[in-house]
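Participant: Structure incoming, see below.
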Amino acid sequence: MRLRKTHAKEVRYDFPRGTEHPSRPADTQKIGIYAASFDPVHAGHIVFALKAQKLAGLDTVCFVPERKPQHHPDPEHVVHRAVMLKRALKPHRQFAVLDMPDACLTSTSLARLRQDLPANAEISLLTTASDFLWHQGELPQVYEAAPLIIAVTSHAQLAEVLARVHDTGRHFHNISFVDIGKDHISSSAIRSGLRKNQRVRGLLPSVMRYARQQWLYISPNRTN
C-alpha cells in the first residue's frame, strides 16, 4: 500500500485489486459497517477501512457517523462530521456514508440499517480495539450481530480483546484483526492541530479546509 501526499489534492491510498474470495456466491454483496464518531475523519480511519476491505473481501464499506457516541460525549454536530466524511471519501468509490437517526450503533439501529441495504448483503462490523474495550461490564449485543473486524495497534491489545471475548462466555461470529500500529492516528492530535491551525499527521486537506470555513474545533475543550 502506497501513501501519496500532495498539498493540492486529497490524500489517497492505493487499494490492491484481486481480493475477491473465490468461494463466495456470485450474487452476494459483502458490506462493512463502520460506525464511529469520526470527529473528524482522518487518514487512520481510511487506512483501516482499506485494510479491512482487503482482508474480508468487502465490496463496500459504509461509514456511519454516530450522533451521540457513548465514548465521546461532546463531538462536533453530526451534520458537519457527515459533510467532512463525504468530502474525504470522495476519491474512494467503494466507500459510502450512511445516515443513522439513532444516537449510536445498537442491535436495533443495525437492523434498521439493514433495511436500506441490498437483501443479499452480508454484513461485517468494523471497530477499533480501543472502542471495543472501552465498554465497562457487559459488551453491547451489537457485537454479536455480525462478524467483527477489529483494528489493533499491538499484539498486547489483540490479546486483551481476545481475553475480553473469552471472559464474556457469549457467542460471537468470526472475529478478524487488522494491524494499524504504524497507521494509528491520534484523533485528539487532529483536533488540536485544527484548533491551532497546524498541519499534523493524518489530517486530510478537505477536512482542514472545511473546518476552517465552518470555524470548527476552535474551542480548547475539544482537544480531548
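The values are calculated or read from the model by the stated rules, or taken from the named source; none is laboratory data. Since the structure is predicted, the reported quantities are computational estimates derived from the model, not experimental observations. Because the Cβ atoms are built from the backbone with ideal geometry, glycine has one as well, and the counts that use them run over all protein chains shown. The protein model used for the area step is the full one, side chains on, heavy atoms only, and it has no ligands, DNA or RNA in it. Shrake-Rupley method; radii C 1.70, N 1.55, O 1.52, S 1.80 Å.
Participant: Here's a check for you: in the stretch 107-120, which residue that is surrounded by fewer than 16 Cβ atoms within 10 Å (Cβ to Cβ) and in contact (Cβ under 8 Å) with a residue 40 or more places away in the chain is nearest to Tyr34 (Cα to Cα)?
Facilitator: Quick first cut of the stretch 107-120, residues surrounded by fewer than 16 Cβ atoms within 10 Å (Cβ to Cβ) only: 107-108, 111-112, 115-116, 118-120.
Going one step further and asking which of them are in contact (Cβ under 8 Å) with a residue 40 or more places away in the chain, we end up with 118, 120.
Values: Pro118: 17, Asn120: 19 Å.
Ranking the candidates gives Pro118 first.
Participant: Scan (1) more than 17 Å from the chain's Cα centre (by Cα); (2) open to solvent by less than 90 Å² (accessible area, probe 1.4 Å) for the single condition His155 breaks and write down its number.
Facilitator: (2)
Participant: Cβ-Cβ below 6 Å, separation at least six or inter-chain, first residue in the stretch 192-211 and under 23 Å from Val79 (Cβ atoms), second among the aromatic types (Phe, Trp, Tyr): which pairs?
Facilitator: That search, which allows pairs on different chains as well, returns Leu194/Tyr217; Arg195/Tyr217; Ala211/Tyr217.
Participant: What are the residue pairs meeting all of these: first residue in the stretch 134-148, first residue at pLDDT 90 or above, second residue of a type in the set (D, E, K, R), Cβ atoms under 9 Å, and 6 or more apart or on different chains?
Facilitator: Listed pairs, sorted by first residue: Leu139/Arg164; Leu139/Arg170; Gln141/Arg170; Tyr143/Arg170; Glu144/Arg170; Ala146/Glu122; Pro147/Glu122.
Rundown of residues vs (1) open to solvent by 10 Å² or more (accessible area, probe 1.4 Å); (2) part of a strand (DSSP E or B); (3) out of contact with any Phe, Trp or Tyr (no Cβ under 8 Å at 6 or more places or on another chain), yes/no style:
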position: Asp39; (1), (2), (3): no, no, yes
position: Val47; (1), (2), (3): no, no, no
position: Lys51; (1), (2), (3): yes, no, yes
position: Phe63; (1), (2), (3): no, yes, no
position: Lys68; (1), (2), (3): yes, no, yes
position: His71; (1), (2), (3): yes, no, no
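Participant: Residues in the stretch 73-95 that are within 19 Å of Gly44 (Cβ to Cβ) and outside any helix (DSSP H, G or I): how many?
Facilitator: So the answer is 7.
Participant: Mind checking which residues of the stretch 188-212 are open to solvent by 40 Å² or more (accessible area, probe 1.4 Å) and among the hydroxyl-bearing types (Ser, Thr, Tyr)?
Facilitator: Scanning the stretch 188-212 gives a single hit, Ser188.
Participant: Every residue in the stretch 169-189 that is within 15 Å of the chain's Cα centre (by Cα) and either among the acidic types (Asp, Glu) or farther than 15 Å from Leu158 by Cβ (or both), please.
Facilitator: Asp179, Asp183, Ile185, Ser186, Ser187
Participant: Quick one: in the stretch 90-106, which of the residues that are more than 23 Å from Leu204 (Cα to Cα) and touching a residue at least 40 places away in the same chain (Cβ under 8 Å) is surrounded by the fewest Cβ atoms within 10 Å (Cβ to Cβ)?
Facilitator: First, pick out the residues of the stretch 90-106 that are more than 23 Å from Leu204 (Cα to Cα): 100-106.
In the following step, the residues that additionally are touching a residue at least 40 places away in the same chain (Cβ under 8 Å) were identified as 100, 104-105.
Working: Met100: 21, Cys104: 19, Leu105: 24.
Among them, the one singled out is Cys104.
Participant: Sticking with this one: Yes or no: the stretch 176-187 includes at least one residue that is open to solvent by 40 Å² or more (accessible area, probe 1.4 Å), more than 21 Å from Phe38 (Cα to Cα), modelled with pLDDT of 95 or more and among the hydrophobic types (A, V, I, L, M, F, W, C).
Facilitator: no
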